[in-house]
1. In the range B:402-431, which residues have a backbone nitrogen under 13 Å from the label point lying 7 Å from B:T467's Cα in the Cα-to-Cβ direction?
2. Based on the alpha-carbon gyration tensor of the range B:31-114 and its eigenvalue square roots a ≥ b ≥ c, which shape applies: rounded if a/c is under 1.5, prolate if not and a/b is larger than b/c, or oblate?
3. Find how much the distance from B:R261 to B:L234 grows on full extension, using 0.36 nm per residue of separation minus their present alpha carbon separation; answer in nm with one decimal.
4. First measure r as the distance between the Cβ atoms of B:I74 and B:K148, then evaluate 1/(1 + (r/R0)^6) with R0 = 56 Å and state the FRET efficiency to the nearest 0.05.
5. Straight distance only, please: which lysines reach the Cα of B:K539 with their own Cα at less than 21 Å, same-chain residues fewer than 8 apart left out?
6. In the neighborhood of B:N407, defined by Cβ-to-Cβ distances under 12 Å, what is the net charge if each Lys or Arg adds +1 and each Asp or Glu adds -1?
7. What's the extension gain from A:K60 to A:F40 if we count 0.36 nm per residue and subtract their Cα-Cα distance?
8. Between B:A438 and B:I42, how high is the FRET efficiency from 1/(1 + (r/R0)^6) when r is the Cβ-Cβ distance and R₀ = 41 Å? Nearest 0.05.
Amino acid sequence: MKYIIEKNSFSVSLFVYTYSRKINLNSFLSFFGVKKCTYFGYFFSRLYNALFCRALDLEKEYNKYYKKEYPEYSDYLSKKYNLSEEEIKDLRQGKIFYLKCDSSSDSIVNTLCDDEFFEQFQKYMEAVYENQD
Amino acid sequence: MTILICAMEIIKKVFYWVNNDFLSAVFNWQSLVAIIVLGFVIILIAICTFRFTKNTNQKAKCLLDEFRHNGKYIDGLFIELDESKELLRCFSLGKKLKKKIIRDHNEYIKNQRLTVIAKKEKYSFRIPRFSTERKIMEKIDENTQFLKTVSNKHDDFSFYADSSKREYEDLLSILRKKLILFKAGTSILIGNAGNGKTTLLCNVAQMLINYKCPCTFVNSRDVHSTLKNHIVDLFPFPVWIKNKHLTKAMVMLNVLLCVSRKYYVIIVDAVNENDKDVFSDSISEFCGWISKYKHIKVIFSCRSEYYRARYKSRFKDVEPSPIEIEVANSFISERTKNNVLSVYKKYYNYSGNISEDSRQRLFKSMLLMRLFFEVNEGKDNDTTQLYNHLIYYNYIQRIDNKLTQVNLTDILDNVSDIMIENLSFDSVKISKLNTLLADINKILDNNLVLSKTILENEGYIHQTETTVISFTFDEIRDYYIARRLMAICEEKQDFSKMFDICSHLYDNILSPTEGVIRYCYFHLFEKGFYDVSKELLKKFNSFDQEYSYRNSDRLFNTTYTDFGLSIIMECPREREFLDYEKKYILKTINCRPISLIELLYNLTYNEVNGYFPDVTVLLDSLQNAKTSIPQIKHYLSMEFDSAYYSYEPNSDAYRSYTDYLIMNKTAIDENTNLKTLIILLAALYRNGSEFHDLIMQDDSYSNILQDLITRCNNTILHQELEKLKTEIEADKVALHDGMLNILDFISDNFE
């Protein structure tokens, strides 16, 4: 399982290369040990939303809307989503999930998305995919 | 049981009816004829649509091939820089993207904080999946209204969800625009010169061809009659239909397109490049005619300044009003920039590295990017500093070699001569040129340097328009004027003309001042006229560059506040600075101490990356310059203070610099003087708080201090360094104070 996290002071962009239905709010909250209807549960829901709610299944989108325009899937990824050649190579394996979130307007998300969180987040993603296998 | 029996009875009756009544009804001869006629009509519709699409697309393909051949459109270089392509997709493919829009909206709103509020109010933002466009628009309006109501109703709304509301409202406005584009009959693509309008339109045409949607692509320059007549001529209808039954044919075409759920898109590129009144006057009539047919759409492209000055009024009467789409007007992300560069590198087979500074300059204009890669095709040299004038020079040479009948250099010489003679540098009337109009048009077709513009003279009684030739970019103009001046002066071996023109520009703060002086200096230096270059620097060094930036579309963005210093440091040269230049650097540091910080910042960066000029230049200039030390101390202290309290985004470069110094001990050899130490510490300290962590984690930084201590012959400095090392080891915050102590020492001992 591979993914990239681009983070700067304005936004967080997440590209997840492999799709899993096990990514959901409940598994996210339980991994971080947060109860759903609590104060922190509310913050983590916002964080989850910021990271995952605008997710796209790229392959599905390509087949449905862009296949005629870009005969090659790699062209579509490169020209529409500006993925590098290496990233495209990785993406070629399995189903693809692409996430791009802009958390600039949500200060809580910006605060919570620090390096420590991303370390834990990586573990969460790995756990999800290990369970899937 | 009764239900089952009933169901069985119904099935029996249906079978009976199908076997007897229905089949006997269908298979009589009248019905058979009707079915055959219907089938024939369907086949006829399919054939007609196919033939029409094939014929129109064939012509569009021809023009695309021509553009490809001229190098105006290169498939491989197209990248979606912003939303403009998606908007054009919505315009030309229409309802095919409706479901995508609904899904994007619903996905977005699914988990937003606004949804929580909406749930409390028993409201849903969701747009039903199979909504019609009208329903979607109504829902968008309803959602906007709900947001307004709810924000007024809840006092704590601004704290709770104001940012989400703004974000969602932006999304709704984009959705609204896309929906309007679905229905719109006319859209206008607007953008500055060289930012990719034609490329985008070519790509849209190619997309329509791939989708098997009929498309006509027209270059405005090829239109010699009214737009309607020209387009009708291109229709693949027999002449008698075009002459006598055009309206009927158009209605039929519209019906065919409606049945096949496609749009016929007519693309008219660069309307500003056709100055014929017969063409410009016919635009609104053409739009009016096309708007009668819902499945026929038109896309125009036009340069921003032309659109505002001349064409906007022509589209005023068009109903429904055309939709404006701006190209490459928004922020380009770092990921996109990386992708664009790698695509260009691959296409032009350029394998060199491009420095960060050069990269930033290239992204100021896609045109400069194109020129740069065209000039560097197949090369592998690294681009450390981007010398724009060399790019222009090489590009002009390339074009001249390509053109056989006309000479670009002659026309450029002619244009700049007239500008110098009239002391008017914006544009030259096309009638004043000594070249045939046909030749000028040939040149305009094949180059990216000169362009035609419309000049409007607003009078009290009437308004006049003049067609003029101007340089695409101010900077290319500055370069060429400087080049002409130099040619004239060198021929006569008398540089008074150059000084006169520069004085005129300088005194009146005209827009070419900075560029012309800069390029004159570069040229004089290159040719070895050092006395003249010295005089030029002496006379015009205090120009206010800020003024110039505000008033032009200049591409270079110097990193030095002092104009003279920026000329010296950016002048292309071998590894040598002349004495008068070193003196100038020293003088500038004394008069304007912030220059030292700029020099430190840029030269250490160059040192790290192995570029020239590097720190040696500064050290050479500072030799025996005792008077500069107090300023160095003062401004470095200030700089250290600000670095200490602020985030330094370029810390990586400085970290690399310290690594470089550690790796190359030669930089701190026996000849190391205090000035080198200052530079080293300054470079280290530019890391700000990050350096504290580094110094605590990595022994090599302690080692470098230890190395300095061992080599230091001066007792007091030795003690200071020892103290610094101990304090750093004990408490990382002490670094700041320790640095200032050392600077105090340097200041006291070198004054």
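Coordinate-derived values only; no laboratory data. Just so it is clear, the structure is predicted and the values come from calculations on it, not from any experiment. Glycine gets a Cβ as well: all are built from the backbone with ideal geometry, and neighbour counts include every protein chain shown.
1. Backbone N within reach: B:429-431.
2. Verdict is oblate for the range B:31-114.
3. 7.5 nm
4. E between B:I74 and B:K148, to the nearest 0.05, is 0.75.
5. Within the straight-line cut-off, B:K539 pairs with B:K497, B:K527, B:K582, B:K583, B:K587.
6. So the environment of B:N407 carries a net charge of -2.
7. Contour length minus Cα-Cα distance gives 3.8 nm.
8. Efficiency computed from Cβ-Cβ geometry: 0.20.
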